[in-house]
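Asks: So that we are looking at the same thing, I have put the structure below in structure tokens.
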């Protein structure tokens, strides 16, 4: 029969520690109550639990990666309801584990149940499943256990996760339409370049027409698409791999994150999204009773941006020395100069010129089909003009992007509004309330910016498609008109 160790209090308030034999945990609780004790802690004796866990090791399903945030939100909400109803934590977890679909979360709940049966606490058990339960999650549960208000903490945690997931869904949903339009537009333009333009080019070669500059550029672009289409897939993959390798290093990640915070159009959205997430995280941790230094460390790790990690590290150091949060947050929120951030800005400026240069070099070499060069319509002067345009585009792009970086590198990533509200919160003792208000404000700003960007992208895409199709039509009809005039 299993042996349970328990802690209880008698009628006089004296603490009792003992062990008892019982077939189940519920019967052990009933027996202890019949003895006149009030149970405060009950767990299976560690040696017995370990043997039982080995003997009844349940089969786990094969999974990759972590659990979905949506599933963790649902689990947290359900666990808070079960705890509010007064069910023992182990029974609650087993109910939720039985109702879960096979996956990472179900496997983690099996592990947590086994750990609790061996005498571990809920926070200790969850900390052994870091791919499912983050450090933020574990520390909030730990604070709830210490304060005796686990159901309240779980409710706050569920609300926090649901808000974060809701914002993420809004941003993703708003980007579906623009991304779909861009993919369709690229497919249409690629089809024109791949099938229609080569037919016209063959006709122009047969008549040996002298083609204008726009038509030469269109033919060169068509050659590039037809014979170097694999570069369209290879180049983005290579850029992504190089960026990922650079981000593996400390300074590389810092430079990339500084660049992303100040990149035109999307930089402001990223900055406000991080501010909303970090302030809500810090507010939730402080409300839950997590010590301020531990709360700041957890917020730093969940920020997902090297610049904000540096800011929270400086805040942590200042608090250790007896300072407040607002002052170091304001002092260290200026990115300053970083060579790798400048490198990313320069690459952004070079990109259009590099694309034009690659098209010009393709036209200059001429592409062989069937042993015959199809570059009759691509004269040396046209090639030289394209190369000059590419060089000019690169020079102008680099100068513009470098100037933008020099102007933006001194602009702070944390506004005065945030600093002032945190300062007021510290003075009044309502820091968590102020942090929640900041998070709500920035959540709304992110939603408004996302909606505005979606509405802005739609006309921009229409204009781009109109210009692209108009350029193709004009480039093809100019030689046709010349040909019809000469024939007539």
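Asks: Can you tell me how many residues within the range 152-173 are more than 26 Å from residue 273 (Cα to Cα) and surrounded by fewer than 16 Cβ atoms within 10 Å (Cβ to Cβ)?
Replies: As a first pass, look at the range 152-173 and keep what is more than 26 Å from residue 273 (Cα to Cα): 152.
Applying the additional criterion that residues be surrounded by fewer than 16 Cβ atoms within 10 Å (Cβ to Cβ) yields none.
Number of matching residues: 0.
Asks: Could you check how many residues of the range 249-270 are more than 16 Å from the chain's Cα centre (by Cα), surrounded by fewer than 20 Cβ atoms within 10 Å (Cβ to Cβ) and part of a helix (DSSP H, G or I)?
Replies: 3
Asks: Here's something else I'd like to know. Tally up the residues in the range 208-223 that are touching a helix residue (DSSP H, G or I) at 6+ places or on another chain (Cβ under 6 Å) and either surrounded by fewer than 17 Cβ atoms within 10 Å (Cβ to Cβ) or more than 21 Å from residue 479 (Cα to Cα) (or both), please.
Replies: Number satisfying all stated conditions: 2.
Asks: Moving on. For a quick check of your reading of the model, give me the residue pairs whose first member lies in the range 399-424 and is in contact (Cβ under 8 Å) with a residue 40 or more places away in the chain and at positive phi, whose second is surrounded by 17 or more Cβ atoms within 10 Å (Cβ to Cβ) and in a helix (DSSP H, G or I), with beta-carbon atoms closer than 7 Å and at least 6 apart or on different chains.
Replies: No pair meets every condition.
Asks: Restricted to the range 174-192, and to residues that are touching a helix residue (DSSP H, G or I) at 6+ places or on another chain (Cβ under 9 Å) and more than 20 Å from residue 459 (Cβ to Cβ), which residue is surrounded by the fewest Cβ atoms within 10 Å (Cβ to Cβ)?
Replies: Taking the candidates together, the pick is 190.
Asks: Just to check your reading of the model, which residue among 422, 438, 472, 414 is under 30 Å from residue 337 (Cβ atoms) and more than 23 Å from the chain's Cα centre (by Cα)?
Replies: 422 is the lone residue from the list that is under 30 Å from residue 337 (Cβ atoms) and more than 23 Å from the chain's Cα centre (by Cα).
Asks: If you don't mind, there's one more thing I want to ask. Need at least 1 residues that are modelled with pLDDT under 85 and touching a helix residue (DSSP H, G or I) at 6+ places or on another chain (Cβ under 9 Å) per element, so show me which helices (runs of 4 or more DSSP H) inside the range 372-488 make the cut, counting only ones lying wholly within it.
Replies: Per the criteria, 380-408, 431-487.
The values are calculated or read from the model by the stated rules, or taken from the named source; none is laboratory data. Treat the numbers as computed from the prediction; the structure is a model and nothing was measured. All Cβ positions, glycine included, derive from the backbone under ideal geometry; neighbour counts span all protein chains shown.
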